[in-house]
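Student: Would you mind keeping the following structure in view while I ask a few things?
The values are calculated or read from the model by the stated rules, or taken from the named source; none is laboratory data. Keep in mind the model is a prediction, meaning the values are calculated, not measured. Please note: Cβ atoms are built from the backbone with ideal geometry, for glycine as well, and neighbour counts cover all protein chains shown. Side chains are part of the model used for accessible areas, which takes the heavy atoms of the whole protein and leaves out ligands, DNA and RNA. Shrake-Rupley method; radii C 1.70, N 1.55, O 1.52, S 1.80 Å.
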Amino acid sequence: MIVWHLEMRSPEAVTGKRLEHADTVLAEAEIRQAAFNRFLYQLVGEDWDWTQKNSWSLEQWQAQVERPEVRTWVLYLKGSPAGYVEMVRQPLIDGEGHQIEIENFGLSRPFIGQGLGSGFLTEALHLAWAFADERGNLPKRVWLHTCSGDHPNARANYEARGFQLFKTVDEG
């Protein structure tokens, strides 16, 4: 499997259309529920070999979602969860400030191919760039990774929205 690490260093780098589908709502899951995040992870990831967290206990999920540096946004289409994005605020490794990792992003199978992915990612990036720290400081970097096991259009969608490749890892 090939893993690609992509980053964006400025909110001005975000390109693409906003989410324009009339029947969509993008809402933050402000009431943190471990079972809901586990459901979203499995719903979106079941077709893309997202298995790393499948063995997590409900307590592990709760510890993850209750962290103040984690935020989850859900895309609904006609009231049904169509996809989600989970973001994690992290300190910068090589400098002052913080960065946002888009830890999970995607649509569930029934909603792929309906023109939602690019607009959803654009909206998610605007939310990531607005994800301030406790002092109100905005992030200096947004990053994520995708792999050859994800949807075939995932990397192209990320790059079309303004991400740039900074590392490739062959995990054999």
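Student: Of a type outside the set (D, E, K, R), modelled with pLDDT of 95 or more and open to solvent by 50 Å² or more (accessible area, probe 1.4 Å): is that true of Ala82 in this structure? Reasoning before the result, please.
Tutor: Values: of a type outside the set (D, E, K, R): yes; modelled with pLDDT of 95 or more: yes; open to solvent by 50 Å² or more (accessible area, probe 1.4 Å): no.
The answer is no for Ala82.
Student: Then there's this: Quick check on my filter: what residues within the range 63-76 are of a type in the set (Val, Ile, Thr) and part of a strand (DSSP E or B)?
Tutor: Once the filter is applied, which keeps residues that are of a type in the set (Val, Ile, Thr) and part of a strand (DSSP E or B), the range 63-76 yields Val70, Thr72, Val74.
Student: Shifting gears a bit: Considering each residue of the range 92-121, count those that are under 22 Å from Thr51 (Cα atoms) and acidic (Asp, Glu), and give that number.
Tutor: The qualifying residues number 2.
Student: Condition first: acidic (Asp, Glu) and under 17 Å from Trp50 (Cα atoms). Now tell me which residues in the range 122-157 satisfy that. So that I can check it myself, show each step before the final result.
Tutor: Filtering the range 122-157 for residues acidic (Asp, Glu) gives 123, 133-134, 150.
Once the filter is applied, which keeps residues that are acidic (Asp, Glu) and under 17 Å from Trp50 (Cα atoms), the range 122-157 yields only Asp150.
Student: Given the criterion among the polar types (S, T, N, Q) and surrounded by 17 or more Cβ atoms within 10 Å (Cβ to Cβ), identify the matching residue among Gln90, Gln99, Gln114.
Tutor: Within the list Gln90, Gln99, Gln114, the selection yields Gln99.
Student: Scanning the range 44-79 for residues that are among the small types (Gly, Ala, Ser) and either surrounded by fewer than 12 Cβ atoms within 10 Å (Cβ to Cβ) or under 16 Å from Glu30 (Cα atoms) (or both), which turns out nearest to the chain's Cα centre (by Cα)?
Tutor: Here the answer is Ala63.
Student: Output the number of the condition that Val169 fails; it satisfies all remaining conditions of (1) in a loop (DSSP other than H, G, I, E, B); (2) at pLDDT below 95.
Tutor: (1)
Student: Now, a different point. Considering only residues that are touching a helix residue (DSSP H, G or I) at 6+ places or on another chain (Cβ under 8 Å) and open to solvent by 40 Å² or more (accessible area, probe 1.4 Å), look in the range 117-141 and name the one that is nearest to Tyr84 (Cα to Cα).
Tutor: His126
Student: Look at the range 1-38 and say how many of its residues are in contact (Cβ under 8 Å) with a residue 40 or more places away in the chain, open to solvent by 40 Å² or more (accessible area, probe 1.4 Å) and part of a helix (DSSP H, G or I).
Tutor: Looking only at that region, the number is 1.
Student: For the range 41-95, give me the residue count where each residue is in contact (Cβ under 8 Å) with a residue 60 or more places away in the chain and of a type in the set (A, V, I, L, M).
Tutor: The number of residues fulfilling the criteria is 2.
Student: Picking from Trp73, Trp56, Trp50, which residue would you name as being touching a Phe, Trp or Tyr at 6+ places or on another chain (Cβ under 7 Å) and at pLDDT below 95?
Tutor: Selected residue: Trp50, the only one of Trp73, Trp56, Trp50 that is touching a Phe, Trp or Tyr at 6+ places or on another chain (Cβ under 7 Å) and at pLDDT below 95.
Student: Cβ contacts < 7 Å: first residue at positive phi, restricted to the range 156-172; second residue surrounded by 11 or more Cβ atoms within 10 Å (Cβ to Cβ), any location; separation 6+ or different chain. Result?
Tutor: Gly162/Met8; Gly162/Ala13; Gly162/Val14; Gly162/Thr15
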